[in-house]
Amino acid sequence: MRLLPPIDECIAAAERALDGHQLSRDYLKMLVRRAQDAIRAEIAADAGDLPCDRAGMLERVTAAVRNAFAADEPALAPVVNATGVVLHTNLGRALLAEEAIAAVVQAARAPVNLEYDLVSGARGDRDALIEGELCALTGAEAATVVNNNAAAVLLALSALAAGREVIISRGELIEIGGSFRIPEVMAQSGARLREVGTTNRTHPRDFTAAIGPETALLMKVHPSNYRVVGFTSEVTLAELAAIGRKHGIEVVEDLGSGALVDLAAFGLPREPLVSESVAAGAGLVTFSGDKLLGGPQAGIIVGRRGLVDRLKAHPLKRALRCDKLTLAALSATLRIYLRSRSVAGAIPTLRMLTRTPDELERVASEARAIIAERIGPGFAIEIVPSTSEIGSGSLPTHQLPSRALAITHPSLSPDAIAARFRRARPPVIGRISGGVFQLDMRTVSDVSMLALEFPDSDEQE
């Protein structure tokens, strides 16, 4: 670490290396800092063949700056997801269908009718771009969209229950992700949490006994990111809706992943459908756009028109609304569900989830041949059975049989091999399982991306 030259010296060296280019000092400083941080990470991980003198370190930084300038990569750079986690939050979750990508490009290139009624010439409603499709797919009367499902829950509680009580089973007080928990969302909305039942067992009578003059909503949360098994009992949505009707109280359900089609038809565990929740009597149902639906990040809310209209009129709706690119991608994705006879083939998420072991074996064989040509001497690559996950809290207990490439080297640790693949172009994100670095083929959408270029420094390993 002490061999790394100070930043001013590195910037001066970078300026000499890029002589002739009119670059701002701020830009060079950013590139140098990134190069230094990458080297520090390599040192900490004991990964790669690093210089042992100050001059060598300076040249390493300068070379990294030259490469970064030549590549001029965007901040969001393409990577190969070989983790086996289909919906990987850190890697952007769902891949968009080609139709959705085309819709985003079109919306980005030209002015669009985002909030403009082409018939009347008056101001329009951006929710109209997706409301018809959502209602057709779910049977709901109305729909609206915000930027993620946590925002959808926050908006629903803020608009319908601020200053009053929301009753929920203690066993459904889930953590959505990133330490964003249902009780905290509820507190932020201004609603007061009223827990009933126990962690493993809640009965209809628990809800009935808790209802009082301050009760604004009954809430149900689908435990999409965990399972409680054994001596358990839960109140079904139909039971909760019946209690709500009897007492004149609305029911809101947070479905989380939000499946629009029956996953059992593809050999996957069955998840509750949004249309079933609407039919069972939920006043509002919230779910994600970028999980099992396979679209862009969005929080979708469907339900009775009177309730949805109250959400649209709330000040938070504007703060949480989606932009034109998200709406373009979501609209195109929803049209696939409505028009396609082969949804599993058209939606990348469903396509990855339904890949067969035979297909994955073929992909693994092709990938091994491609990588073997580029990885360098001393590496062993073996095709091994593995298991993949759906990810992002969807079907958490279900493991998908898969195939992986197990990559080993007599003098490199699994962490060092993982770092080497992260430095490749494009970067490859794998996993370490059983003390071995692996590339899971289920989540490799395009095997040709494994035609990797490794940094020159790696050739000396």
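The values are calculated or read from the model by the stated rules, or taken from the named source; none is laboratory data. As the structure is a computational prediction, the values presented were derived from the model and not from experiment. Counting neighbours? That spans all protein chains shown, and the Cβs are built from the backbone with ideal geometry, glycine included.
Where residues in the range 426-456 are part of a strand (DSSP E or B) and over 23 Å from the mean Cα position of the chain (by Cα), which of them is surrounded by the fewest Cβ atoms within 10 Å (Cβ to Cβ)?
First, pick out the residues of the range 426-456 that are part of a strand (DSSP E or B): 428-429, 431-433, 436-440, 453.
When the remaining residues are screened for being over 23 Å from the mean Cα position of the chain (by Cα), the result is 436-437, 453.
Working: VAL436: 15, PHE437: 25, GLU453: 11.
So, considering only residues that are part of a strand (DSSP E or B) and over 23 Å from the mean Cα position of the chain (by Cα), the one surrounded by the fewest Cβ atoms within 10 Å (Cβ to Cβ) is GLU453.
Go through ARG201, ARG164, ARG181 for me and flag whichever is free of Cβ contacts under 8 Å to residues at least 24 places away in the same chain and of a type in the set (Lys, Arg).
Numbers: ARG201 fails: free of Cβ contacts under 8 Å to residues at least 24 places away in the same chain; ARG164 fails: free of Cβ contacts under 8 Å to residues at least 24 places away in the same chain.
When all the criteria are applied, what remains is ARG181.
Test ALA162 against the criterion of being in contact with a Ser or Thr (Cβ under 9 Å, 6 or more places away or on another chain) and surrounded by fewer than 16 Cβ atoms within 10 Å (Cβ to Cβ), and give yes or no. Yes, satisfied.
Would you confirm whether any residue within the range 267-275 is more than 25 Å from LEU91 (Cβ to Cβ), among the small types (Gly, Ala, Ser) and buried (at least 24 other Cβ atoms within 10 Å of the Cβ)? Within the range 267-275, none of the residues are more than 25 Å from LEU91 (Cβ to Cβ), among the small types (Gly, Ala, Ser) and buried (at least 24 other Cβ atoms within 10 Å of the Cβ).
Just checking, does the range 247-261 include any residue being touching a residue at least 12 places away in the same chain (Cβ under 8 Å), closer than 18 Å to PRO183 by Cα, surrounded by fewer than 18 Cβ atoms within 10 Å (Cβ to Cβ) and among the acidic types (Asp, Glu)? Within the range 247-261, not a single residue is touching a residue at least 12 places away in the same chain (Cβ under 8 Å), closer than 18 Å to PRO183 by Cα, surrounded by fewer than 18 Cβ atoms within 10 Å (Cβ to Cβ) and among the acidic types (Asp, Glu).
Selection within the range 170-194: residues that are loosely packed, with under 14 Cβ neighbours inside 10 Å and modelled with pLDDT under 85. The member of this set that is farthest from SER288 (Cα to Cα) is PRO183.
Counting only residues that are part of a helix (DSSP H, G or I) and among the small types (Gly, Ala, Ser), which one in the range 17-55 is surrounded by the most Cβ atoms within 10 Å (Cβ to Cβ)?
Going residue by residue through the range 17-55, those that are part of a helix (DSSP H, G or I) are 17, 25-45, 54-55.
Of the ones still in play, those that are also among the small types (Gly, Ala, Ser) are 17, 35, 38, 41, 44-45, 55.
On the way: ALA17: 16, ALA35: 22, ALA38: 18, ALA41: 13, ALA44: 9, ALA45: 13, ALA55: 10.
Filtering the range 17-55 for residues that are part of a helix (DSSP H, G or I) and among the small types (Gly, Ala, Ser), the one surrounded by the most Cβ atoms within 10 Å (Cβ to Cβ) comes out as ALA35.
Only one entry in ALA108, ALA136, ALA94, ALA103 is buried (at least 21 other Cβ atoms within 10 Å of the Cβ) and assigned to a helix (DSSP H, G or I), namely ALA103. The one condition from (1) more than 31 Å from the chain's Cα centre (by Cα); (2) buried (at least 20 other Cβ atoms within 10 Å of the Cβ); (3) on the phi < 0 side of the Ramachandran plot; (4) without any contact (Cβ under 8 Å) to a residue 40 or more places away in the chain that PHE207 does not meet is (4). Please tell me if ALA369 is of a type in the set (A, V, I, L, M) and part of a helix (DSSP H, G or I). So ALA369 passes the test. Only residues that are in contact with a helix residue (DSSP H, G or I) (Cβ under 8 Å, 6 or more places away or on another chain) and basic (Lys, Arg): list them for the range 62-98, please. Within the range 62-98, just ARG66 meets the criteria.
In the set THR397, THR354, which member is surrounded by 15 or more Cβ atoms within 10 Å (Cβ to Cβ), at pLDDT below 95 and β-branched (Val, Ile, Thr)?
Values: THR397 fails: surrounded by 15 or more Cβ atoms within 10 Å (Cβ to Cβ).
Among THR397, THR354, only THR354 is surrounded by 15 or more Cβ atoms within 10 Å (Cβ to Cβ), at pLDDT below 95 and β-branched (Val, Ile, Thr).
Inclusion of ALA14 among residues that are hydrophobic (A, V, I, L, M, F, W, C), in a helix (DSSP H, G or I) and over 25 Å from ILE429 (Cα atoms) is warranted. With respect to the conditions (1) charged (D, E, K, R); (2) assigned to a loop (DSSP other than H, G, I, E, B); (3) within 30 Å of ALA424 (Cβ to Cβ), ARG270 falls short on a single one, namely (3). Could you say whether any residue in the range 195-218 is closer than 29 Å to ARG93 by Cβ, modelled with pLDDT of 95 or more and either assigned by TED's automatic domain parsing to the domain that holds VAL308 or of a type outside the set (Lys, Arg) (or both)? For the range 195-218, residues closer than 29 Å to ARG93 by Cβ, modelled with pLDDT of 95 or more and either assigned by TED's automatic domain parsing to the domain that holds VAL308 or of a type outside the set (Lys, Arg) (or both): present.
Scanning the range 288-329 for residues that are assigned to a strand (DSSP E or B) and among the β-branched types (Val, Ile, Thr) yields a count of 3.
Yes/no matrix, rows are residues, columns are (1) in a helix (DSSP H, G or I); (2) closer than 18 Å to LYS246 by Cβ; (3) of a type outside the set (Gly, Ala, Ser); (4) touching a helix residue (DSSP H, G or I) at 6+ places or on another chain (Cβ under 9 Å):
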site	(1), (2), (3), (4)
VAL145	no, no, yes, yes
ALA152	yes, no, no, yes
VAL166	no, yes, yes, yes
GLY171	yes, no, no, no
ALA187	yes, no, no, no
LEU193	no, no, yes, yes
THR208	yes, yes, yes, yes
ALA216	no, yes, no, yes
LYS220	no, yes, yes, yes
